[in-house]
Amino acid sequence: MPSKKLSSADNQQERFNFANWIVGFVDGEGCFTVSFFSHPKSRLRLKWQVFPEFVITQGIKSQATLEKIKDFLGCGKIYLNKRRDNHHEHLVKFVVRDRNDLLTKILPFFEENQLRTAKINDFAIFAKIIKMMQKGNHLQEKGLAKIRLLVQKMNNRKFR
């Protein structure tokens, strides 16, 4: 009677977990950032826009990989950044800026599938800021000031 065990190649494919692969990829190539833009003519009282985004940047040869990540996460857009320097290929960026997508797709994904490098600290701060924005804290002076302090602790290249 033939064995019902899978071949070793089938076993490797079965064990492959795309979510874990994305986590590793983001640990190396991803970035959680929060920027501030001044809007002096804005109707908002504080005249500042808080701009969170999740980004993965790659050379254009890896665009298909970013497309797969975009499809898997179910959000974001891919942008072409034409290089005019001494590099030989343009860049593509997978970017998630929509606050609802950040809140309902990106945060839950990385809360369930934790990063393994010091980037986990940036993600924790990023998640806290997104949740503060959901409550409207960025529209109040005190909340905006707290967000500014949190942003200063992000992306400092610290080792865990």
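Throughout, read-outs are computed from the coordinates displayed, never taken from laboratory work. Please read these numbers as outputs of a predicted model, since none were measured by experiment. Every residue, glycine as well, gets a Cβ built from its backbone with ideal geometry; the counts of neighbours run over all protein chains shown.
According to a simple spin-label model (label point 7 Å from Cα along Cα-to-Cβ), what is the distance in nm between Q114 and R97?
Here the answer is 3.2 nm between the modelled labels.
What dipole magnitude, in Debye to the nearest 20, does the range 18-152 give about its Cα centre under +1 on Lys/Arg Cβ and -1 on Asp/Glu Cβ?
Once rounded to the nearest 20, the dipole reads 720 debye.
What FRET efficiency, computed as 1/(1 + (r/R0)^6) with R0 = 41 Å and r the Cβ-Cβ distance, is obtained for N20 and L139, rounded to the nearest 0.05?
In this case the efficiency is close to 0.65.
Once you have the Cα-Cα distance between N156 and T57, take 0.36 nm times their residue separation minus that, and quote the gain in nm to one decimal.
33.8 nm
What distance in nm lies between label points placed 7 Å from Cα along the C-beta direction at E67 and T104?
2.6 nm
Can you give the Rg to Rh ratio of the range 18-152, both from alpha-carbon atoms, with Rh computed by the Kirkwood formula?
Reported Rg/Rh (Cα atoms, Kirkwood Rh): 1.00.
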